[in-house]
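**Student:** Below is one structure. I have some questions about it.
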Amino acid sequence: MGQTRIDGMDDKTIGLYAAGLTVRDMPTHLLDLYGLKVSPDLISRVTDAVLDDVREWFAARNQFAIMFEERFNA
């Protein structure tokens, strides 16, 4: 079976996902920017694998924003 994960791909995928790119948009972007030829299926597998990390990041960011707001609006 071929390689299913590329070193550094998780971080790039999270960044593209956070920037609002869709799974269908990412392969074109990765090809243009990095010369990486990947399928939407690979992107889906990566986003599925890192989804928990993304959720944790958003939860931590939102909690910080709430604490910041409470501190300065008290």
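The values are calculated or read from the model by the stated rules, or taken from the named source; none is laboratory data. Note that this is a predicted model, so its numbers are computed, not measured. We place every Cβ from the backbone using ideal geometry, glycine too, and count neighbours over all the protein chains shown. These accessible areas exclude ligands, DNA and RNA; they are computed on the full protein's heavy atoms, side chains included. Shrake-Rupley method; radii C 1.70, N 1.55, O 1.52, S 1.80 Å.
**Student:** In the stretch 9-24, what residues are loosely packed, with under 15 Cβ neighbours inside 10 Å and not in a helix (DSSP H, G or I)? Write out each step before concluding.
**Tutor:** Filtering the stretch 9-24 down to residues loosely packed, with under 15 Cβ neighbours inside 10 Å leaves 11, 15, 18-20, 22, 24.
Result: Ala19, Gly20, Thr22, Arg24.
**Student:** Still on this structure: I need every pair where a residue in the stretch 28-54 that is small (Gly, Ala, Ser) has its Cβ under 6 Å from the Cβ of a residue that is surrounded by 12 or more Cβ atoms within 10 Å (Cβ to Cβ), sequence separation at least 6 or different chains.
**Tutor:** Between residues of the stretch 28-54 that are small (Gly, Ala, Ser) and residues that are surrounded by 12 or more Cβ atoms within 10 Å (Cβ to Cβ), the close pairs are Ser44/Val23.
**Student:** If you don't mind, there's one more thing I want to ask. Looking only at residues in the stretch 27-45 that are open to solvent by less than 90 Å² (accessible area, probe 1.4 Å) and outside any helix (DSSP H, G or I), which one is modelled with the highest pLDDT?
**Tutor:** Among those residues, the one meeting the criterion is Gly35.
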